[in-house]
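Trainee: Got a structure for you, questions after.
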Amino acid sequence: MSLVQGLKCKECGREYPKEAVYVCEWCFGPLEVVYDYQRIAGRISRDVIMKRPQSLWRYRELLPLDGDPTDGLQSGFTPLVRADNLARVLGVRELWIKNDGVNFPTLSYKDRVVPVALSKAKELGFDTVGCASTGNLANSVSAHGAKAGLRRFIFIPYDLEVGKVVGSLIYQPNLVAVEGNYDDVNRLCSEIASKYRWAFVNVNMRPYYTEGAKTYGFEVAEQLGWRTPTSLVCPVAGGTILPKIRRAFQEFEQLELIPESRTRIFAAQAATCAPVVQAIHKGTDAVLPVKPRPLSESVDTSLRIGNPADGLYVVQAVQETGGWAEVATNEEIVSAIRLLAATEGIWTETAGGTTLAVTKKLIESGKLDPDGSTVVCITGNGLKTLEAVRDRIGSATTIAPTLRSFEERVLAHHLVPAATAAR
Ligand SMILES: *Cc1c(COP(=O)(O)O)cnc(C)c1O
Ligand SMILES: [Zn+2]
């Protein structure tokens, strides 16, 4: 018998069968997966989990499949890195980077949610999958769908960074660039999903897809030694990952895998598109849609969603845990990308720059406890957003292929004492 009982409306509680449905017919609330925690408690323990392969499926009882996973068997379980150099610069005691910039195979946090959605789509008998994406999701569905042998229709806004476009096309999906912003793309995908029997991972498969994001939180808790941090700073686009990290901590607590979690959760968005941060600053949970600035004015495109599907739940998670939210300007995002690279040797994309820049602000304003432990959620890889930093990092020193040229043009600028040079 399955550990997954069905779907339930988050707002009115009406129950639905395990199908490709995502909104409540009665109140239009989002649907979420319901588990049988009592039976799950009898099946997993720290020991059971730790003996399994290092992938997101080591938490499989808390993921929404009835059968065995078929996709993403190498995805997840990314490094949690102790960041002492960066901690010294920021003036905090214990700092960790959870680095999904090296998630397999497309280098972002989307390599967690997509395997869950595609495995479920196959269970439900779909042969065609799709998504509405700001870039990373497009890469992930293109790649995982190729491996799974599924037909793929990938919808993106027309003005994405070349790294994210090439990073989809290489897997040969049907890539559709829509003349509009992400919110237009998403609306179109909802229409297509209601007409064709296709599995759109973040539309009609959304209840299953979002469950995959919990694995980021499970891993943080396990990798910290079965505890949760004092503070966690997380980027927000559609609003999936932040509340699901909280849900992960709650589930682990309920299953007695960790002690009580008191983690304060903080939200990060770019100043050019910050509907959730604005709501938190106003003290309301009504997230008013905004029109994102065009690419020419915004460095951060991964988070560029003006009308986030789960914005309300982000606000609630931040408010209920005693967290806060901030924005980062284009300038601050680029500086933070450079800071992380120069201190910890980790190159993140613009969403990661946004998150680190916001962390810095929260520390400076006293909102984040410098004496506790802090996890910064790095969710994507810098190789995909070259244009954000290309003109801000200097250039190589060109020399002739001679020792003399090296000494004149390079060493002369480094004030190396003669003794050291001769040794
Ligand atoms: C998708 C994405 C996020 C967060 O998206 P949510 O929809 O809020 O879960 C964060 N960082 C990167 C790099 C992403 O691609
Ligand atoms: Zn409902």
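The values are calculated or read from the model by the stated rules, or taken from the named source; none is laboratory data. The shown structure was predicted, so the numbers you read here are calculated from the model rather than taken from an experiment. Every residue, glycine among them, receives a Cβ derived from its backbone with ideal geometry; neighbour counts consider all protein chains shown. Ligands, DNA and RNA are excluded from the accessible area calculation, which covers all protein heavy atoms including side chains. Shrake-Rupley method; radii C 1.70, N 1.55, O 1.52, S 1.80 Å.
Trainee: Taking only C-alpha pairs under 8 Å that are 6+ residues apart, what is the relative contact order of the stretch 1-100 in percent?
Mentor: Numbers: 123 pairs, mean separation 19.9, N = 100.
Relative contact order, the stretch 1-100: 20 percent.
Trainee: Which lysines does Lys367 reach when only Cα atoms under 26 Å apart count, and residues fewer than 8 places away in its own chain are ignored?
Mentor: Here the lysines satisfying the reach criterion relative to Lys367 are Lys98, Lys214, Lys244, Lys282.
Trainee: Also, I was wondering about something else. Net charge near Arg52, counting Lys/Arg +1 and Asp/Glu -1 over other residues with Cβ under 15 Å of its Cβ?
Mentor: 0
Trainee: Could you work out the relative contact order of the chain? I mean the mean sequence separation of Cα pairs under 8 Å and 6+ apart, divided by the number of residues, in percent.
Mentor: On the way: 855 pairs, mean separation 66.2, N = 423.
Computed over the chain, the figure is 16 percent.
Trainee: For the stretch 50-198, what class follows from the C-alpha gyration tensor (a ≥ b ≥ c being the square roots of its eigenvalues): rounded when a/c is under 1.5, otherwise prolate if a/b is larger than b/c, else oblate? Spell out each step's value before the answer.
Mentor: Details: a/c = 2.33, a/b = 1.34, b/c = 1.74.
Verdict is oblate for the stretch 50-198.
Trainee: While we're looking at this one, here's another question. Got a number for carbon plus sulfur as a percent of the chain's accessible area, 1.4 Å probe?
Mentor: Values: 9420 of 18310 Å².
Here it works out to 51 percent.
Trainee: Let me ask another. Enumerate the lysines that Lys195 could reach by cross-link, defined here as Cα to Cα under 21 Å, with residues fewer than 8 away along the same chain left out.
Mentor: In chain and number order, the partners are Lys18, Lys120, Lys122.
Trainee: Now for a separate question. If only Cα atoms are counted, what is the Rg of the chain, and what is its Dmax, in Å?
Mentor: 22.1, 80
Trainee: Around Leu257, what is the net charge, scoring Lys/Arg as +1 and Asp/Glu as -1 over all other residues with Cβ under 11 Å from its Cβ? Mind dumping the intermediate values first?
Mentor: Numbers: positive: Arg46, Arg227; negative: Asp47, Glu222, Glu251, Glu253, Glu256.
Its environment carries a net charge of -3.
Trainee: Also: Hey, in the GNM for the chain with a 10 angstrom Cα cutoff, which one of Trp96, Trp26, Trp324 fluctuates hardest?
Mentor: Judging by the Gaussian network model, the answer is Trp26.
Trainee: Based solely on its DSSP helices, what 222 nm [θ] is calculated for the chain when runs of n ≥ 4 H residues each add -39,500 (n - 2.57) and the sum is averaged over all residues, nearest 500 deg cm²/dmol? Write out the running numbers ahead of the final one.
Mentor: Working: 17 runs with 162 residues, N = 423.
That calculation yields -11000 deg cm²/dmol at 222 nm.
Trainee: Points 7 angstrom from Cα along the Cβ direction at Gln38 and Ile192: gap in nanometres?
Mentor: Rounded to a tenth, the inter-label distance reads 4.4 nm.
Trainee: Would you mind telling me the antiparallel percentage of the DSSP bridges in the chain, rounded to 5? It would help to have the intermediate numbers written out before the result.
Mentor: Details: 14 of 44 bridges.
Around 30 percent of the beta bridges assigned by DSSP in the chain are antiparallel ones.
Trainee: Can you list the HN-Hα couplings for the stretch 100-107, worked out from phi with the Karplus curve (6.51, -1.76, 1.60; θ = phi - 60°), rounded to whole Hz and with x for Gly and Pro?
Mentor: 7, x, 10, 5, 9, x, 10, 6
Trainee: Using the Cα centre of the chain as origin and beta-carbon charges of +1 (Lys, Arg) and -1 (Asp, Glu), tell me which of Met50, Ser373, Leu242 is placed farthest towards the positive end of the dipole.
Mentor: Met50
Trainee: If you build a Gaussian network model of the chain, linking Cα atoms that sit under 10 Å apart, which residue out of Ala309, Ala221, Ala400 swings the most?
Mentor: Among Ala309, Ala221, Ala400, the largest mean-square fluctuation in the Gaussian network model of the chain belongs to Ala400.
Trainee: Still on this structure, I have one more. Skip the ligands, DNA and RNA, and give the accessible area per residue of the chain with a 1.4 Å probe, whole Å². All intermediate terms of the calculation are to be shown ahead of the outcome.
Mentor: Numbers: 18310 Å² over 423 residues.
Averaged over the residues of the chain, the accessible area is 43 Å².
Trainee: Helix 241-254: angle to the longest alpha-carbon principal axis of the chain, degrees 0 to 90, nearest 10?
Mentor: It works out to around 70 degrees.
Trainee: Could I ask something else about it? Can you give me the angle between helix 110-123 and the longest principal axis of the chain, using Cα atoms only, in degrees from 0 to 90, rounded to the nearest 10?
Mentor: Between helix and principal axis, roughly 30 degrees.
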